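Asker: Take this structure first; my questions come after.
The values are calculated or read from the model by the stated rules, or taken from the named source; none is laboratory data. Because the structure is a prediction, the values reported are computed rather than measured. So basically every Cβ, Gly included, is an ideal-geometry build from the backbone, and we count neighbours across all protein chains shown.
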Amino acid sequence: MDVLTRDELEQLMRKEQPWCISIYMPTHRTGTEAQQDPIRLKNLLGEAEKHLSDQGVGRRDVQKMLEPASKFLQDAQFWQHQSDGLAIFLSSNSVRRYCLPLNFEELVVVEDYFHIKPLLPLFTGDGQFYILALSQNEIRLLNGTRDSVSEVDIGQAGGSLAEALPSGDYQAIFQHHTSGFGSVTFHGQGGDSDESAKNELLRYFRLVSDGLTEFLQEDRAPLVLAGVEYLLPIYKEANSYPNLINTVIKGNPDLLRVDELHKSAWNILEHYFQAAQAEAFAQYQQLAGQESERATDTFEKIVPAAYHGQIETLYIATGVQQWGIFNSVTSEIEIHNQMESGDESLLELAAVQTYLKGGTVYAVEPDKVPGGTSAAAVLRY
């Protein structure tokens, strides 16, 4: 599975002329439906071809744009490593594809910019989280949402502790803990060798944590640790990721199915997400009640503020579109009742720009947006 980083999202936001093809489809890990996934993609590529042809794009140019995605159709290895949804973005000079823990509906959009609204659940304040599973045999990273979870390939940061640590240190750490459960105090139990083993493990975990932090870049999604008790405090000491959750999943993760790890993590994080959203809602209500300029529910203020990094918290209504044009040079905005040529989704623009500039986005039902409009924001200043 892939992680969609802020940098990659920002690249997707850049307009690429003249044609941008966005393809979304659900995918499956096993079973008969998984065997049908290449057929689904073939049909969607056919739909994209028709869209391009109808808009006057020549056959040779169409084939050139669709060719990178067409190669996936016969790639058995590609289909063996799917998550819940596949997103593919094609233009005349680029191709990007992401296997993500989102169950997309089938969709093909051909515009002069990439359509990224189906990705928004990944960027909302209760959209996604990570699980880092620590065991003797393997270090794994899982990326989850409320409804799904998939494993992420973290390259050299994963693997076995036995392979990563010198054999003597590995034996010192695990010789009394073959069951994978329990706790241990290294200092004073075995003298210098035990302390050396702990320091070696701490050094290794620092490498893992630094690699993980770099891999996730500026992602602020919460991270839950899962592992045997004696490994967890050592990893916490080594941790450099800014949003590590204090509550942990105790036990050998090798003995737990992925769905069991997901359920345990969501039990920890559900309250975390709800509390954060309730606090943000209360802050908006307080500022709005004081008629503070930091609380706003108009697109004329929200969109420029999002672009310039002024938004601390943004609420947007799900299932709602607001079309218009935003001039990033003058910060002027045109709002249209219906989509016109050159328009973009202002809700989508505000949400992504808020996320890219470090703000928090909540995508909620329309009646839960404070202020009674389709968007509301708390500004940093």
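Asker: Check Ser83 against each of (1) over 26 Å from Phe129 (Cβ atoms); (2) within 25 Å of the chain's Cα centre (by Cα); (3) small (Gly, Ala, Ser); (4) in a loop (DSSP other than H, G, I, E, B) and name the one condition it does not meet.
Answerer: Checking Ser83 against (1) over 26 Å from Phe129 (Cβ atoms); (2) within 25 Å of the chain's Cα centre (by Cα); (3) small (Gly, Ala, Ser); (4) in a loop (DSSP other than H, G, I, E, B), the one that fails is (1).
Asker: In the stretch 203-219, what residues are over 17 Å from the mean Cα position of the chain (by Cα), crowded, with 16+ Cβ neighbours inside 10 Å and of a type in the set (A, V, I, L, M, F, W, C)?
Answerer: Within the stretch 203-219, Phe205, Val208 meet the criteria.
Asker: With respect to Glu332, is the statement that it is surrounded by 15 or more Cβ atoms within 10 Å (Cβ to Cβ) and closer than 23 Å to Phe114 by Cα true?
Answerer: The answer is no for Glu332.
Asker: Would you confirm whether any residue within the stretch 61-68 is modelled with pLDDT of 90 or more, β-branched (Val, Ile, Thr), surrounded by 15 or more Cβ atoms within 10 Å (Cβ to Cβ) and not assigned by TED's automatic domain parsing to the domain that holds Glu151?
Answerer: yes
Asker: Can you tell me which residue among Ala306, Ala275, Ala288, Ala265 is within 30 Å of Gly342 (Cα to Cα) and either touching a residue at least 40 places away in the same chain (Cβ under 8 Å) or in a helix (DSSP H, G or I) (or both)?
Answerer: Step by step, each of Ala306, Ala275, Ala288, Ala265 is checked, and only Ala306 is within 30 Å of Gly342 (Cα to Cα) and either touching a residue at least 40 places away in the same chain (Cβ under 8 Å) or in a helix (DSSP H, G or I) (or both).
Asker: So Thr298 fits all but one of (1) surrounded by fewer than 16 Cβ atoms within 10 Å (Cβ to Cβ); (2) not small (Gly, Ala, Ser); (3) not assigned by TED's automatic domain parsing to the domain that holds Ala350; what number is the exception?
Answerer: (3)
Asker: Specify the residue that is nearest to the chain's Cα centre (by Cα); the eligible residues are those in the stretch 91-106 that are outside any loop (DSSP other than H, G, I, E, B) and farther than 22 Å from Gln80 by Cα.
Answerer: Ser94
Asker: Here's a check for you: in the stretch 107-139, which residue that is in a loop (DSSP other than H, G, I, E, B) and among the polar types (S, T, N, Q) is modelled with the highest pLDDT?
Answerer: Once the filter is applied, the top-ranked residue is Gln128.
Asker: Is at least one residue of the stretch 140-157 modelled with pLDDT under 75 and surrounded by fewer than 14 Cβ atoms within 10 Å (Cβ to Cβ)?
Answerer: Looking for residues that are modelled with pLDDT under 75 and surrounded by fewer than 14 Cβ atoms within 10 Å (Cβ to Cβ), one finds at least one in the stretch 140-157, hence yes.
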